[in-house]
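The values are calculated or read from the model by the stated rules, or taken from the named source; none is laboratory data. Computed from a prediction, not measured in an experiment: that's the story for all the values here. Positions of Cβ are backbone-derived with ideal geometry, glycine not excepted, and every protein chain shown enters the neighbour counts. Protein only, heavy atoms only, side chains kept; ligands, DNA and RNA dropped before computing areas. Shrake-Rupley method; radii C 1.70, N 1.55, O 1.52, S 1.80 Å.
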Amino acid sequence: MVRFAPNKMPAAVKRRYFVLIRQGLSGSEAARQVGVSLSCGSLWFIDAGSMTVVERVPISSRYFSQDDRIEIGDGLAAG
């Protein structure tokens, strides 16, 4: 019977993996650099929601950036 074993890697390793992904490395290269298997990195990515990275630079000055939108939302929530 297969049993679930929680990942034993420190949180810092997982954070570093996602930093490398955001920098444009492939999943396999990011996993190799942090010292985990490709399947481990893939599970982290799937568990995170397989999200795409939102660019921090606005497409055009006509539109708000993601940071602007978050600040506006926080301000509205605070009243």
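A compact table of results
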item: Cβ pairs under 9 Å, 6+ apart, first in segment 54-79 and of a type in the set (Lys, Arg), second part of a loop (DSSP other than H, G, I, E, B) and modelled with pLDDT under 85; result: Arg56/Ser65
item: Count - residues of segment 29-52 that are under 28 Å from Gln66 (Cβ atoms) and modelled with pLDDT of 90 or more; result: 5
item: Criterion violated by Arg56 - all others in (1) at pLDDT 85 or above; (2) in contact with a helix residue (DSSP H, G or I) (Cβ under 9 Å, 6 or more places away or on another chain); (3) within 27 Å of Arg69 (Cβ to Cβ) satisfied; result: (1)
item: Selection status of Arg69, touching a helix residue (DSSP H, G or I) at 6+ places or on another chain (Cβ under 7 Å), open to solvent by 100 Å² or more (accessible area, probe 1.4 Å) and either at pLDDT below 90 or assigned to a loop (DSSP other than H, G, I, E, B) (or both); result: no
